Amino acid sequence: MGIEFRDVGKTYPDGTVAVTGFSCTVPSHRTLALVGTSGSGKTTLMRMVNRMVEPTTGSVLIDGRDVRELDKVALRRSIGYVPQAGGLLPHRRVVDNVATVPVLTGTPRRAARDAALALLERVGIDPALGRRYPAQLSGGQQQRVAVARALAAEPNILLMDEPFGAVDPIVRRGLQDQLLQLQAELGKTIVLVTHDIDEAFRLGDEVVILRTGGIVAQTGTPKEIVAAPADEFVRDFIGADRAERALRTVDVDGRSVVVDGDGRPVGVLE
Ligand SMILES: Nc1ncnc2c1ncn2[C@@H]1O[C@H](COP(=O)(O)OP(=O)(O)OP(=O)(O)O)[C@@H](O)[C@H]1O
C-alpha cells in the first residue's frame, strides 16, 4: 500500500502553522523517515495518514484513495500505530494489550491471545511475559510489545512516532536491528518519525529532513543526503562534518579499520 501526501498543510486552530505545502510519495513496502528539530511538524504529518489529524489544505492518499473517503475508525484500526513511549494500556496484561485491536475487530478472544503470544515471540519477548503488566517490563521490552501490538491487526501500513526514543542507545540499536529484520520479512509501508538522524539513516529507505513549519529542507536516500546536503541547515543537522569527514582505513591485525579525520575508529571495512 503506497501513501501519497499531496501538497498538504496544517494550521492548527490557534494559528500555529505546523506544515506547509508538503508533498511526498511512500511506495509500498518502503520506509519513509521524517526527521527534524522539535516542532517541525513530523508528528502532525504522520497522523494525517490515519486521520488523527486532518490537513487544512491538500490531501493524503492511500493506494490512490483520499483517506477522507474512508471510515475513520476502520482506517485507524487497519493501520498499525506505535505512539511515543509505546502507549500501552497500564491496567491490561501484556498479551491483552497486543490482542486489543483484533478483539475489537471481531477475532475471538482466545484466538487473538494465541496470535498475540506468537507475535510477542516474533518481536523477541518470551511469551511467558505476556501475563505481566506493562510496568513490569523494561523500557526496551515495552517498546517491543508496542511494535507487536501495532502488528496484531496485520496492517499493511505502520506509523511509528519516535518508537525507540525512550530507551538507552544500546537497547535502541537492538530495537532498530529487529525492526529492520521484521521489515525484511513483512514488507510493511512504514512512516517513521524521529529526531535522531542516525536512526533515520538506518531505518529509512527515503528520508525527509524538515525544518520549522513543516518545510522540507531535503528529501532523498541517506546516501544522497550525505553525498550532497542541500544547504547549511541540512549540513548542520546531519552532523556538521559528516559530509566532509575524510574517512580512511588503517590496518589493525590484518583488518581494515575505518577511522575519521581525527583518527577515531568508526567501523571495520568488510
Ligand atoms: N493540537 C495542536 N494545537 C496547536 N498547535 C499544535 C498542536 N499540535 C501540534 N502543534 C504545533 O504544531 C507544530 C508541529 O508539531 P508536531 O508535534 O507535529 O512537531 P514534531 O516535529 O513532531 O515535534 P516533536 O519532535 O517535538 O514531537 C508545533 O509548533 C506544535 O506546537
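Every read-out reported here was derived from the displayed coordinates using simple, explicitly stated rules and does not represent laboratory data. This structure is a prediction, so every number in the text was calculated from the model and none was measured. Using ideal geometry, Cβ is built from the backbone for each residue, glycine included, and neighbour counts are taken over all protein chains shown.
Taking 25 Å as R0, compute the FRET efficiency from the Cβ-Cβ separation of residue 184 and residue 227 and round it to 0.05.
In this case the efficiency is close to 0.50.
Once you list every other residue whose beta carbon is under 14 Å from the beta carbon of residue 153, what net charge do they have if Lys and Arg are +1 and Asp and Glu are -1?
Summing Lys/Arg as +1 and Asp/Glu as -1 gives +3.
Measure off 7 Å from each Cα along the Cα-to-Cβ vector at residue 268 and residue 92, then give the distance between these two points in nanometres to one decimal.
Label at residue 268, label at residue 92, 4.4 nm between them.
Pick from 226, 19, 257: which is most flexible by mean-square fluctuation in a GNM of the chain where alpha carbon atoms under 10 Å apart are linked?
Per the Cα network of the chain with a 10 Å cutoff, 257 tops the list.
Taking the Cβ of residue 195 as the centre, find all other residues whose Cβ is under 9 Å away and add up their charges (Lys, Arg: +1; Asp, Glu: -1).
-2
Restricting things to alpha carbons, find the Rg to Rh ratio for segment 3-239 using the Kirkwood radius for Rh.
0.97
Have a look at 125, 79, 170 and tell me which one the Gaussian network model of the chain (Cα, springs below 10 Å) gives the largest fluctuation.
170
By how many nm would the segment from residue 56 to residue 177 lengthen if fully extended, with 0.36 nm per residue of separation less the alpha-carbon distance?
So the extension gain works out to 39.9 nm.
Taking the alpha-carbon centroid of each part, what is the distance from segment 107-136 to segment 154-205 in angstrom?
That distance is 21 Å.
Taking H as built 1.01 Å from N, whose amide H comes closer than 5 Å to the amide H of residue 31, not counting residues under 5 places away?
So residue 31 has HN proximity to 190, 205, 206.
When a footprinting reagent is the concern and you count Cβ atoms within 10 Å, what order do 236, 196 take, fewest first?
Going from sparsest to densest Cβ surroundings: 236, 196.
With a point put 7 Å past each Cα toward its Cβ, work out how far residue 69 is from residue 195 in nm, to one decimal.
According to this spin-label approximation, the distance is 3.8 nm.
Report the residue, chosen from 229, 108, 27, that carries the largest GNM mean-square fluctuation when the chain is represented by alpha-carbon nodes joined by springs under 10 Å.
Residue with maximal mean-square fluctuation among 229, 108, 27: 108.
Regarding segment 148-232, what whole-number volume in Å³ per residue does the convex hull of its Cα atoms give?
118
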